[in-house]
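So the structure is just underneath, and the comments pick up after that.
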Amino acid sequence: MGTTPHQFKRMSAALFRALCSACERPQDYDVRLQGSWAFFFSGRHKDFPTERDLAGQPVALARFQEWMGSTPPADRPARRPFGALHKLGMLDENGKPFGPSDGDFQISSDVMVAEARAKWDELKSAGKLSDKDLRAGFIHQKYSFVNRTAVQEAFPELEKWSTVWEERLGRPIAPSLFPGSGPPDKSQEGNGISTHFRNSDWVVSNPPKH
């Protein structure tokens with residue numbers, strides 16, 4: 001979603017160059033798409049808006065009514081489609097418009113985690129980590145991804161790739177790093193939302209060179 005086939009191939013090729021342009025074991029880098037970027041609909045924790053949600057937002061309400069027409073609530077989507085809130089012009093709780101849906105890239109690599117850990121230890125010893133980073137820890141307690149500051153510092157080419165493609169696509173690009181086994185299975189915890197490896201995942205491959 002949000003790209004042409006040509007753009008996606010170029011973006012994928014650029015990502016693998018940033019990750020392992022000269023690596024001998026490309027199998028050490030697993031990349032998957034998550035969220036509505038890959039599956040069109042958001043997870044079940046993000047409901048489709050209703051007229052009540054849009055009360056006080058006349059522009060969004062008018063667009064919503066034009067979109068849904070006479071469709072009864074029971075026949076409407078249960079979850080948010082990709083980019084829906086942005087296209088409606090819906091405002092968040094702070095009165096700011098929702099931006100375009102992001103591109104959620106899930107990168108799993110023990111090699112990269114080891115490098116990020118070394119960078120984390122270096123930054124920590126030098127007193128260069130913020131209080132927020134220290135509270136969150138190297139592995140985020142809730143979402144299980146590697147600390148973003150450590151990843152950005154350890155892999156500047158990945159950060160550059162993200163910035164370039166955000167500008168080209170006009171939407172946030174959010175790479176998150178996990179151990180090689182992928183995110184833990186949390187399907188039996190809390191709201192059941194989990195991004196652990198599944199056979200239905202959209203696995204991103206390095207396009208062949210021509």
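Show me the helices (runs of 4 or more DSSP H) entirely contained within segment 1-110 in which 3 or more residues are free of Cβ contacts under 8 Å to residues at least 24 places away in the same chain, farther than 15 Å from residue 204 by Cβ and more than 19 Å from the chain's Cα centre (by Cα).
58-68
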(request) Quick one: residue 191 ticks every box in (1) more than 14 Å from the chain's Cα centre (by Cα); (2) surrounded by 13 or more Cβ atoms within 10 Å (Cβ to Cβ); (3) touching a residue at least 60 places away in the same chain (Cβ under 8 Å) except a single one, so which number is it? (result) (2)
(message) If residue 96 satisfies all but one of (1) farther than 30 Å from residue 58 by Cβ; (2) at pLDDT 90 or above, what's the number of the condition it fails?
(response) (1)
(message) Among the residues of segment 48-88, what is the count of those that are within 27 Å of residue 3 (Cβ to Cβ), exposed (fewer than 12 other Cβ atoms within 10 Å of the Cβ) and at pLDDT 90 or above?
(response) 1
(message) For the list (1) touching a Phe, Trp or Tyr at 6+ places or on another chain (Cβ under 9 Å); (2) in a loop (DSSP other than H, G, I, E, B), I need the number of the one condition that residue 120 fails.
(response) (2)
(message) Among the residues that make up segment 135-143, is at least one of them free of Cβ contacts under 8 Å to residues at least 40 places away in the same chain and assigned to a helix (DSSP H, G or I)?
(response) yes
(message) So the check is Cβ under 8 Å with 6+ separation or different chains; which pairs have a first residue in segment 159-172 that's in contact (Cβ under 8 Å) with a residue 12 or more places away in the chain and within 12 Å of residue 102 (Cα to Cα) and a second one that's polar (S, T, N, Q) and not in a helix (DSSP H, G or I)?
(response) 169/3; 171/101
(request) Give the residue, chosen from 194, 181, that is of a type outside the set (A, V, I, L, M, F, W, C), out of contact with any Cys (no Cβ under 6 Å at 6 or more places or on another chain) and within 15 Å of residue 105 (Cα to Cα). (result) 194
(message) If the requirement is being farther than 18 Å from residue 31 by Cα and surrounded by 11 or more Cβ atoms within 10 Å (Cβ to Cβ), which of these qualifies: 133, 185?
(response) 133
(request) Find the residue count for segment 150-202, including only residues that are more than 21 Å from residue 137 (Cβ to Cβ), in a helix (DSSP H, G or I) and among the hydrophobic types (A, V, I, L, M, F, W, C). (result) 4
(request) Kindly provide the set of residues from segment 32-47 that are surrounded by fewer than 18 Cβ atoms within 10 Å (Cβ to Cβ) and under 16 Å from residue 187 (Cβ atoms), ordered by number. (result) 39, 43, 44, 45
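Yes or no, residue by residue, for (1) in contact with a helix residue (DSSP H, G or I) (Cβ under 9 Å, 6 or more places away or on another chain); (2) under 17 Å from residue 14 (Cα atoms); (3) among the small types (Gly, Ala, Ser):
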residue: 134; (1), (2), (3): yes, no, no
residue: 140; (1), (2), (3): yes, no, no
residue: 149; (1), (2), (3): yes, no, no
residue: 157; (1), (2), (3): yes, yes, no
residue: 173; (1), (2), (3): yes, yes, no
residue: 185; (1), (2), (3): no, no, no
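The values are calculated or read from the model by the stated rules, or taken from the named source; none is laboratory data. Only a predicted model underlies this, so the values are computations on that prediction, with no experimental measurement involved. Don't worry about glycine lacking a Cβ; one is built from the backbone with ideal geometry, like all the others, and counts go over all protein chains shown.
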